[in-house]
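One structure is given below, encoded as structure tokens.
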Amino acid sequence: MATDSWAQAVDEQEAAAESVNHGGRFDDKAAQSLLNKLIRNNLVNNTNQVEVLQRDPNSPLYSVKSFEELRLKPQLLQGVYGLGFNRPSKIQETALPMMLAEPPQNLIAQSQSGTGKTAAFVLAMLSHVDPNKRYPQCLCVSPTYELALQTGKVIELMGKHYPEVRLVYLLFLIVIGTPGTMLDWCGKFKFIDPKKIMVFVLDEADVMIATQGHQDQSIRIQRMLPKNCQMLLFSATFEETVWNFAQRIVPEPNIIKLKREEETLDTIKQYYVLCNSREEKFQALCNIYGAITIAQAMIFCHTRKTAGWLAGELSREGHQVALLSGEMQVEQRAAVIDRFRDGKEKVLVTTNVCARGIDVEQVSVVINFDLPVDKDGNPDNETYLHRIGRTGRFGKRGLAINMVDSKMSMNILNRIQEHFSKSAVTTHARTHTHNLLYTQTVASS
Ligand SMILES: Nc1ncnc2c1ncn2[C@@H]1O[C@H](COP(=O)(O)OP(=O)(O)OP(=O)(O)O)[C@@H](O)[C@H]1O
């Protein structure tokens with residue numbers, strides 16, 4: 001769609017939100033019809049604006065360089081173009097020269113969700129690996145098994161033009177895994193000789209560092225590596241404490257850091273639905289179900305129990321949904337993700353286990369059935385950003401809907417808004433498109 005008509009669609013959508021809000025509270029039907037309209041508009045117009053964004057200096061996809069100028073090996077250029085990438089994003093353009101420099105430089109890098117961080121560090125690993133050396137040379141640590149599998153897939157796709165290496169073999173030279181498995185392979189089982197590792201990547205570094213078990217394991221792996229091993233840390237969010245820690249464990253790093261107000265993506269529109277109970281949230285969800293299944297949607301719950309309950313209730317209503325939560329076997333989880341990626345299921349009900357990194361391009365709607373909170377019940381801003389970042393991938397438009405069922409959850413949402421320094425005044429929605437949330441009462445009792 002041309003930029004003008006795209007902008008017009010955004011205007012109409014925002015005008016609809018405004019006009020309804022002027023009336024105060026609405027009955028369910030009006031709210032439901034508004035939300036359906038917003039979702040449909042969003043989905044119908046959900047084309048990538050990559051080329052436009054790559055020329056907008058304020059966009060995380062902005063680039064002045066081509067992939068050729070980043071001095072990638074010819075077989076990697078083939079891989080990149082084979083994937084349909086025309087130009088690098090901002091993080092790729094900035095990080096790749098640092099990662100490919102001689103001697104190798106360490107890097108702590110932050111960039112918004114879906115802006116090509118995985119592609120960036122995969123290109124760095126593939127550039128460094130020497131196919132003539134028959135042992136693992138790069139380690140990439142991921143917080144979940146699903147994410148490790150996904151990164152493996154990117155390596156396969158990007159590396160498929162390496163004439164001298166078979167794909168299976170490439171995944172032997174570059175090893176991806178969760179911290180526990182990786183530690184076992186380096187230590188207990190000695191499948192990997194850590195002293196021969198040249199590149200160490202911590203993907204979703206903040207969760208690695210913030211989660212006690214993962215942190216210890218990651219540090220223990222890092223201590224086994226040679227002094228000159230290149231260390232790369234990537235994430236979309238870094239809390240202050242995590243930054244401090246990251247800088248302690250990565251010697252002399254280059255740092256790419258976003259300002260707080262740059263962390264959110266303007267391409268993801270965010271709304272909330274006001275309800276009075278969990279049952280009402282369920283009802284509101286059923287009311288918009290038809291609209292969210294035009295494309296694909298992910299629904300996040302706080303606990304495995306709620307996720308199981310919600311998936312069960314939706315199925316009982318005749319909706320076809322997939323459920324993915326932490327207690328399932330890893331093979332089962334991988335199969336669920338594969339089916340969802342292939343579009344066999346349109347809706348995935350899940351927990352924070354899927355909040356980070358999972359890249360399914362067709363996901364246009366993210367629903368926070370429960371808002372993300374930490375173990376003390378405080379807003380979990382980082383998880384919020386990661387969850388909504390499952391939509392709006394690489395310039396696509398996305399919609400996030402937060403379900404509020406109490407004063408407490410409204411308070412959580414307000415604090416999330418404050419954290420990202422966004423105002424929530426609906427009547428300003430048209431002019432202040434940076435608003436994090438439109439104060440839109442889209443479903444009321
Ligand atoms: N230069 C590019 N041109 C076009 N598409 C790209 C480019 N780089 C990455 N992509 C695509 O954009 C999507 C998001 O990329 P990727 O998963 O690397 O983002 P990310 O920053 O790692 O996301 P997250 O923060 O969620 O982990 C992927 O589908 C990827 O194939």
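The residues neighbouring Ala205, those whose beta-carbon lies less than 12 Å from its own, together hold a net charge of -3 under the Lys/Arg +1, Asp/Glu -1 convention.
Just add up the charged neighbours of Glu345: K/R +1, D/E -1, any other residue whose Cβ is under 12 Å from the Cβ of Glu345. That works out to +2. At the listed q of 0.07, 0.09, 0.13 Å⁻¹, the Debye profile of the chain, built from one uniform point per Cα, gives log10 I(q)/I(0) equal to -0.35, -0.57, -1.18. Note on the range 294-377: Cα convex hull, mean projected area over all directions, 5.6 nm².
Over the chain, DSSP H runs of length four or greater, each weighted -39,500 (n - 2.57), average out per residue to a 222 nm ellipticity of -13000 deg cm²/dmol. Using 1/(1 + (r/R0)^6) with R0 = 35 angstrom and r between the beta carbons of Val168 and Lys227, what's the FRET efficiency to the nearest 0.05? Calculated transfer efficiency: 0.70.
Summary of the geometry: the range 375-412 and the range 275-318, compared by the centres of their Cα atoms, lie 16 Å apart. Ranked by how many other Cβ atoms sit within 10 Å of their own Cβ, fewest first, the residues Glu327, Glu263 fall in the order Glu327, Glu263. Looking at the range 168-237, the pairs of alpha carbons with a distance over 21 Å make up 20% of the total. Can you tell me the 0 to 90 degree angle between the C-alpha axis of helix 117-128 and the longest principal axis of the chain, rounded to 10? Once rounded, the angle reads 10 degrees.
If N is the number of residues in the range 114-213, what value comes out of its Cα radius of gyration divided by 2.2 N^0.38 Å?
1.03
How far, in degrees from 0 to 90, does helix 240-249 lean away from the longest principal axis of the Cα atoms of the chain, to the nearest 10? Approximately 10 degrees, to the nearest 10. Evaluated with a Cβ-only charge set (Lys, Arg +1; Asp, Glu -1), the chain carries a dipole of roughly 880 debye about its Cα centre, given to the nearest 20. Stretching the chain fully between Leu157 and Arg339 yields a gain of 63.6 nm (0.36 nm per residue, less the alpha carbon separation). Modelled this way, with points 7 Å down the Cα-to-C-beta line, the labels at Leu83 and Asn276 are 5.0 nm from one another.
The value obtained for the range 355-413, namely the Cα convex hull volume divided by the number of residues, is 78 Å³ per residue. Backbone geometry of the range 278-288 corresponds, through the Karplus equation with coefficients 6.51, -1.76 and 1.60 at θ = phi - 60°, to 3J(HN,Hα) couplings of 5, 5, 5, 4, 4, 4, 4, 5, 4, 4, 9 Hz, x marking Gly and Pro. With R₀ set to 30 Å, the beta-carbon distance separating Arg40 from Lys407 gives a calculated FRET efficiency near 0.45.
Cβ-to-Cβ counts within 10 Å put Thr351, Thr211, Thr118, Thr391 in ascending order as Thr211, Thr351, Thr118, Thr391, the fewest first. Straight-line cross-link partners of Lys37 among the lysines, defined as a Cα under 20 Å from its Cα and at least 8 positions apart when in the same chain: Lys29, Lys269, Lys281, Lys346, Lys396. Among residues other than Gly357 with Cβ under 15 Å from its Cβ, the summed charge is +1 (Lys and Arg +1, Asp and Glu -1).
Rg over Rh for the range 225-377 works out to 1.04, using Cα positions for both radii and the Kirkwood form for Rh.
The numbers here are math on the coordinates, done by the rules we state, and not lab data. Just so it is clear, the structure is predicted and the values come from calculations on it, not from any experiment. Quick reminder, even Gly has a Cβ in these numbers, built from the backbone with ideal geometry, and neighbours come from all protein chains shown.
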